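The values are calculated or read from the model by the stated rules, or taken from the named source; none is laboratory data. As the structure is a prediction and not an experimental result, all values here were calculated from the model. Glycine gets a Cβ as well: all are built from the backbone with ideal geometry, and neighbour counts include every protein chain shown. Only protein heavy atoms, including side chains, enter the accessible area calculation; ligands, DNA and RNA are left aside. Shrake-Rupley method; radii C 1.70, N 1.55, O 1.52, S 1.80 Å.
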Amino acid sequence: MGNVPRADRTYLVCGTKPWNRRVFDAVIRHYPGRWYFAASSAEMTDVRLAELRPRYAFFLHWSNLVRTEILDRCECICFHMADVPYGRGGSPLQNLIMAGHRETKLTALRMTAELDAGPVYLKEPISLEGNAEEIYIRSSELAARMILQIVTDELTPVPQIGEAVIFRRRKPADSEIPADLGSHIVMYDFIRMLDADGYPRAFLTHGQFRFEFSRVGLYDGRLRADVTITPIENWTP
């Protein structure tokens, strides 16, 4: 790694989740340079980008489509939880866990018009153990370290090599626990991979009630979890 990032440059970090903001406040904003944070698309206006003129815009966790005008205005880098070109597309954490993976790569790649197809700056290994929120927090902390390396060394991205495997973005209805999971280990993985703030938890319906599961643990071949029971007419996603 080189010396330090240039103190005269401006950088933008974008993230929609609370753990993104926490790692920005605790770590990233203290790097050399002028650092700004955007929590929504409303904060990514043309006027603000013209004022900031960021060297890089880093996207830690961003579900919305980034406008072409923004991609053209500055070097936009996202952090995708898959070893691309394997795992391009939506819901990488959940798709990887359901495919039986216990670890993956966090990939920093340049954002282009084609989703997750841009050249790669850096990849780092990351564990998929724990519940979804723990993994997302771990991912944000790792992304912060990767950001420092990118801005310090001004890394040049390299094209992806190999055949692309595309993941399908999950929908809220996909959180209903299937009847054919096959084992308590797969059930454990299904519940934990959906256990994060702002995500639809694993659920079952019975009669007029919806049962949502969180904080699952594996004990001697059995599962223990917190369960929230809500009358269906009162439930909101």
Labelled set (1) 60, 38, 31; (2) 67, 39, 39; (3) 52, 41, 35; Cα extents along the principal axes in Å computed from this model equals the value at (1)
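Around Pro92, with a cut-off of 12 angstrom between Cβ atoms, what is the net charge of the other residues, counting Lys and Arg +1 and Asp and Glu -1?
On the way: positive: Arg88, Lys105, Arg168, Arg169, Arg170; negative: Asp83, Asp116.
Result for the local shell: +3.
Any idea what the relative contact order of the chain is, in percent, if you count C-alpha pairs under 8 Å spaced at least 6 apart?
Values: 421 pairs, mean separation 38.4, N = 237.
After rounding, I find 16 percent.
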Need one value: the accessible area of Arg145 in square angstrom, 1.4 angstrom probe, rounded to the nearest 10. 140 Å²
Per residue of segment 129-138, in order, report the coupling 6.51 cos²θ - 1.76 cosθ + 1.60 (Karplus, θ = phi - 60°) as ³J(HN,Hα) in whole Hz, putting x for Gly and Pro. 7, x, 7, 4, 5, 4, 5, 5, 5, 4
So what does Ile166 come to for accessible area, using a 1.4 Å probe and Å² rounded to 10? 110 Å²
Counting DSSP beta bridges with both ends in segment 1-153, the antiparallel % (nearest 5): 45 percent
Around Tyr86, which amide H atoms from residues at least 5 apart in sequence, or from another chain, sit under 5 Å from its own amide H, with H modelled in the peptide plane? Val165
Over the alpha-carbon set of segment 166-237, divide Rg by the Kirkwood Rh and report the Rg/Rh ratio to two decimals. 0.97
Give the accessible area for Cys78 in Å² (nearest 10); use a 1.4 Å probe, count only protein heavy atoms, and leave out ligands, DNA and RNA. 20 Å²
So what is the accessible area of the chain per residue, in Å², with the probe set to 1.4 Å? 52 Å²
